[in-house]
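Enquirer: Below you will find the structure I want to go over with you.
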Amino acid sequence: MDYSMKVLKILGYVLAVLVLLIVLALVFIDVIAKFVVEREGSKQVKAKVEVDSVDVRFYPVGATLNGLVVTNPGTPMRNAFQAEFIDANLDLSALLKTKIIVDTANVDGMRFNTARETSGAIPGLTPPPDEKGSLVEQLKTDFKLPVLEMPDPKALLERADLQTPKLAEAFKQNLEAKKAAWQARIDQLPDQEKVDAYKARLKGVKKQKDPLGFLNAAGDALAVKKEVEQDLSQIKNARGDFNADLAELQAQLKVLRQAPAKDVERTMAMVGLDQASVQDLAKTLFGDDLARWVQSGYTWYGKLQPYLNGSAAPEDTGPATPDTTDYSDGLPKFLVKKLNISGEVPAPGQAIPFSGEFTDLTDRADIWGKPAKLFLESQQNAAGGVTFTGLLNHVDPQNFVDTFGLKMAKLPISDITFSDNEDFPLTLAEALLEVASKAEIRNGQLNLDVDTEFFEVQLSNLLENESAPLKAALLDALKGLDRFSMSMQATGDPANPQVSLQTSLDKLFGSAIQGLVGKKQAEIQQRLRTEVQARLGNTVPALEAQLGGFVDLQSLLGERAGSFEKLL
């Protein structure tokens, strides 16, 4: 009896403890969930992930996160994004199989790139904040004004590789070689002595009076005609070859006559406007910001991409654990069938309210069989129109294709500081922005095009009463600017793509500076012509005279051919 009571008493204590543990778990489950969200989220982001509260419910099974804040690891004093409210209902039957299947979830009050009061960096986990990314590095250029160089013409010619003397020497050698060769060939051609011999033979034919002698003479006349025709053909062939050589020399002389002007033109390319520095100026003003926006988007895509392939694993855990999940039900381990999103996206001078949805978001699209789709658009009360689309097709993980599109139509923007350099400050006070951008990442290779147009441009913070001519010319050009365009292309490995940037301002800046230096360049060009001519002296006219002597051989061949033609 006593033994039985002791057993019951022990069982009572155990049950009491179990009940107490269950009560404690129910009471503190929200706290535990909050801890797990912050700890695991911080590990994945490599910076602080914070949440105000987590509410877990058991019927229907689901959870609500309030006040989610995710630090940007690249700039820990700013948040990558934050959300006021996240709510999701879970499939209980799938949850019992350790799968998270969400039919519908809602994310409200999303905001991006917000300021933090304290750093969100985690020592030993967050990378150094000065990491910039390859796009920014390729387009980042320290500010510098274009270089105008006006050196002495003689110094320029010392540096220049003048082609005229080389062409003159080549022409002279070719002319002398051809002249010697033709003089030797003409000496071998039938000449006046042979013409006289043919005339003598023909004269003998005419003297024959008797019939038999006349017949013999007629045969000799036919033989003379045949020999004359052969000699004439030889002379005519020589004339054809001579004309070809003469045409070659005349073409060579034409190039030689043009060579001094081209030498001056090539040398002038070393003077004045440095076109590369003009392009660098536009890149300095605009490329850094454009690349940073694109780089930020790709950085977060890179963080998401492993999860889409079902390969995400903490970097410090070594090889991934073998996947033993039962997929016979056709469900992946993680799936959000439909995610409704709303919030605000930052734009220069304003925040744009948006809404949209993300469908079929999963870690194993190959199991689910559908690509993830994203569609966001600005709300009707927003100024301008913004549309963002995405298709993340990882149904075949070995040949995945992700495509994105961004369009902005007449979006008002303001207060963009393009340059805070004291030598050339520049701020875009107001403008309307249009953007057409498309990107494709196919099997890990990037192909990105971003085209932007700025309309109704109003610039501010421009220097006034600038005395430096070069700077004043650039400022005057910008003061009349009302629209401009930029385009950027990036291809290849997303970690280190080949990047190019073009802007209509290259032509604007180039024209402004070219007008400034045009007069000085004209003066230097004339001095260069004089200096080049002085170095050449009488070289070209002398060679022209020598070619005239060569042309005389053409007349000789013509006269010789005429002498033989008269015999026929």
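Enquirer: Under the rule of at least 5 residues apart or a separate chain, name every residue whose amide H is placed under 5 Å from the amide H of F81.
Expert: Amide H neighbours of F81, under 5 Å, 5+ apart: V70, N113.
Enquirer: Could you pull out every one of the aspartates and glutamates with an alpha carbon less than 20 Å from that of K179, ignoring same-chain neighbours closer than 8 positions?
Expert: E169, D187, D191, D241, D245, E248, E544, D552, E559
Enquirer: Now, a different point. Relative to the compact-globule scaling 2.2 N^0.38 Å, provide the ratio for the alpha-carbon radius of gyration of segment 422-568.
Expert: Relative to the rule-of-thumb radius for its length, segment 422-568 sits at 2.09.
Enquirer: Quick check: convex hull over the Cα atoms of segment 383-487, volume per residue in Å³, rounded to an integer?
Expert: 115
Enquirer: To continue, here is another question. Whole-Hz Karplus ³J(HN,Hα) for segment 428-441, in order, using 6.51 cos²θ - 1.76 cosθ + 1.60 and θ = phi - 60°, x for Gly and Pro?
Expert: Taking θ as phi minus 60°, the curve returns 8, 6, 8, 5, 9, 10, 10, 10, 10, 10, 9, 9, 9, 10 Hz for segment 428-441.
Enquirer: For D326 and S467 in one chain, what is 0.36 nm times their gap in residues minus the Cα-Cα distance, to one decimal in nm?
Expert: Between D326 and S467, full extension yields an extra 43.1 nm.
Enquirer: I've got another one for you. If we count every other residue with Cβ under 12 angstrom of N340's Cβ, Lys/Arg +1 and Asp/Glu -1, where does the sum land?
Expert: -2
Enquirer: Enter the accessible area of D108 (Å², nearest 10), with the probe set to 1.4 Å and all protein chains included.
Expert: Looks like 60 Å² after rounding.
Enquirer: How long is the gain from V61 to N340 if the chain were fully straight, where each residue apart is worth 0.36 nm and the alpha carbon distance is subtracted?
Expert: 98.6 nm
Enquirer: Quick check: Cα centre of segment 363-416 to Cα centre of segment 240-270, how many Å?
Expert: Between the Cα centres of segment 363-416 and segment 240-270 lies a distance of 60 Å.
Enquirer: Between I100 and residues 5 or more places away or on another chain, which pairs have amide H atoms under 5 Å apart, with H built 1.01 Å from N, and which residues are they?
Expert: Under 5 Å from the amide H of I100: F334, L335.
Enquirer: Give the accessible area for T452 in Å² (nearest 10); use a 1.4 Å probe, count only protein heavy atoms, and leave out ligands, DNA and RNA.
Expert: Accessible area of T452: about 10 Å².
Enquirer: Given a 1.4 angstrom probe, I'd like the percentage of the accessible area of segment 429-487 that is carbon and sulfur, rounded to a whole number.
Expert: Ligands and nucleic acids excluded, carbon and sulfur give 43 percent.
Enquirer: Please tell me which of these pairs span more than 23 angstrom C-alpha to C-alpha: K338/K370; K46/K370; K43/K333; K97/K337; K410/K471; K333/K407?
Expert: K46/K370; K410/K471; K333/K407
Enquirer: Testing the spin-label approximation: label points 7 Å from Cα along Cα→Cβ at D52 and N89. State their distance in nm.
Expert: Result for the modelled spin labels: 2.4 nm.
Enquirer: Same structure, new question: In terms of solvent-accessible area of protein heavy atoms at a 1.4 angstrom probe, what is the ranking of Y59, Y327, Y198, highest value first?
Expert: Ranked list, largest accessible area first: Y59, Y327, Y198.
Enquirer: Need the full-extension length gain, K172 to R483, defined as separation in residues times 0.36 nm minus the C-alpha distance. One decimal, nm.
Expert: Taking 0.36 nm per residue and subtracting the Cα distance, the gain is 106.3 nm.
Enquirer: Just to confirm the filter: which chymotrypsin sites (Phe, Trp or Tyr not before Pro) across segment 55-96 are DSSP coil and have at most 12 other Cβ within 10 angstrom of their Cβ?
Expert: none
Enquirer: Would you mind working out the accessible area per residue for segment 458-530, using a 1.4 Å probe, and quoting it in Å²?
Expert: Dividing the accessible area of segment 458-530 by its residue count gives 53 Å².
Enquirer: Label K97 and K194 with points 7 Å out from Cα along Cα→Cβ: what is the distance between them in nm?
Expert: About 10.5 nm separates the two model spin labels.
Enquirer: If you rank E531, E169 by how much accessible surface each has, with a 1.4 Å probe, what is the order from largest down?
Expert: E169, E531
Enquirer: Is the shape of segment 453-503 rounded, prolate or oblate, going by the alpha carbon gyration tensor and its root eigenvalues a ≥ b ≥ c, with a/c under 1.5 for rounded and a/b larger than b/c for prolate?
Expert: Prolate shape, in that a/c is at least 1.5 and a/b is the bigger ratio.
Enquirer: With label points built 7 Å along Cα→Cβ from the Cα atoms of T387 and I186, find their separation and express it in nm.
Expert: 8.1
Enquirer: Loop only by DSSP, 14 or fewer other Cβ within 10 Å of the Cβ. Give me the trypsin sites (Lys or Arg not before Pro) in segment 451-548 that pass, ordered by residue number.
Expert: R483
Enquirer: For F400, enumerate residues with amide H under 5 Å from its amide H, sequence gap 5+ or separate chain, H modeled in the peptide plane.
Expert: Hits under the 5 Å cutoff: N443.
Enquirer: Which ³J(HN,Hα) values in Hz, rounded to whole numbers, follow from the phi angles of segment 330-338 under the Karplus curve 6.51 cos²θ - 1.76 cosθ + 1.60, where θ = phi - 60° and Gly and Pro get x?
Expert: So the Karplus estimates, Gly and Pro as x, are x, 10, x, 6, 9, 7, 10, 5, 8 Hz.
Enquirer: Something else now. What list of ³J(HN,Hα) values in whole Hz, one per residue of segment 60-68 in order, does the Karplus curve 6.51 cos²θ - 1.76 cosθ + 1.60 (θ = phi - 60°) give from phi, with Gly and Pro shown as x?
Expert: Once rounded to whole Hz, the list reads x, 5, x, 8, 10, 9, 10, x, 6.
Enquirer: Hey, another quick one. For segment 333-409, just say rounded, prolate or oblate: build the C-alpha gyration tensor, square-root its eigenvalues into a ≥ b ≥ c, call rounded for a/c under 1.5, and beyond that prolate if a/b exceeds b/c, oblate if not.
Expert: Prolate shape, in that a/c is at least 1.5 and a/b is the bigger ratio.
Enquirer: Taking all protein chains in place and a 1.4 Å probe, what share, in percent, of the accessible surface of segment 33-94 do carbon and sulfur account for?
Expert: For segment 33-94, the apolar C and S fraction of the accessible surface comes to 62 percent.
The values are calculated or read from the model by the stated rules, or taken from the named source; none is laboratory data. Values in this document were obtained by computation on a predicted structure and should not be read as measured data. Cβ sites come from the backbone with ideal geometry, for glycine too, and all protein chains shown count toward neighbours. In case anyone asks, the SASA skips ligands and DNA or RNA and just uses the protein heavy atoms, side chains included. Shrake-Rupley method; radii C 1.70, N 1.55, O 1.52, S 1.80 Å.
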